[in-house]
Amino acid sequence: MTIKEELTRKIAELQEQVDAIKDEPLKVTGRFKPKLDEVYWCLLSNGETVSTTHTGITPITQYSVWLMGNMYKTKADAVEARSKQLALVRVNDRIDELNAEQDWVADYSIENQQCKHHISTVTQCGDISSNRWFTSTPTSMFNVGTIETVNTLISEMDADIKTAIGWKESK
């Protein structure tokens, strides 16, 4: 078999696969995408929850809302998302306040081996823990600062931290 024949065979196999799946809808996980004429809920910039119908008339606007993860199947889903967002804002604001009180600023330079802490996990029983790191930028939702800030944050904002990360009590 020649190279051309082999490539032609592989292209034919790929075309068969494309033909088999081309009419299947795109499966997106992690966020809701309404069908045409389906009602969905979203959050306005002031936090208000509103419902609207997916019309397809303003696809750029509606596509942008979807891209940002701001389309919800029910009002309850939208309200839960708003609660998580507001909790996230409150916790990050408090982190900023506590760090300012201690005059603490993260230094990511290699020369300075500054110890930094971040909230890392919530266990199944609801305990919040933290980890520390030295030079690299962490990927945690809550990059806190000193261990004192971590301890204050956990004691003051346990419920908001859990809400922001989507922790739910096991039943």
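The values are calculated or read from the model by the stated rules, or taken from the named source; none is laboratory data. What you see is a predicted model, and the numbers here were worked out from it, not measured in a lab. Heads up, the Cβs are rebuilt from the backbone with ideal geometry, glycines too, and the neighbour counts pull from every protein chain shown.
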TODO: Inspect the range 80-90 for any residue being farther than 30 Å from LEU43 by Cα and of a type outside the set (Asp, Glu) and give the result as yes or no.
DONE: no
- [ ] Would you confirm whether any residue within the range 145-152 is aliphatic (A, V, I, L, M) and surrounded by 12 or more Cβ atoms within 10 Å (Cβ to Cβ)?
- [x] yes
- [ ] Say whether the condition of being farther than 30 Å from LYS35 by Cα and not charged (D, E, K, R) is met by at least one residue in the range 70-87.
- [x] yes
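Select from the range 157-169 the residues that are in a helix (DSSP H, G or I), surrounded by 14 or more Cβ atoms within 10 Å (Cβ to Cβ) and in contact with a helix residue (DSSP H, G or I) (Cβ under 9 Å, 6 or more places away or on another chain) and write down the one among them that is modelled with the lowest pLDDT.
Step one: of the range 157-169, the residues in a helix (DSSP H, G or I) are 157-165.
If we keep only those that are surrounded by 14 or more Cβ atoms within 10 Å (Cβ to Cβ) too, we end up with 157-158, 160-165.
Restricting the remaining residues to those that are in contact with a helix residue (DSSP H, G or I) (Cβ under 9 Å, 6 or more places away or on another chain) gives 157, 160-165.
Numbers: MET157: 91, ASP160: 91, ILE161: 88, LYS162: 87, THR163: 88, ALA164: 86, ILE165: 82.
Applying the filter and picking the extreme gives ILE165.
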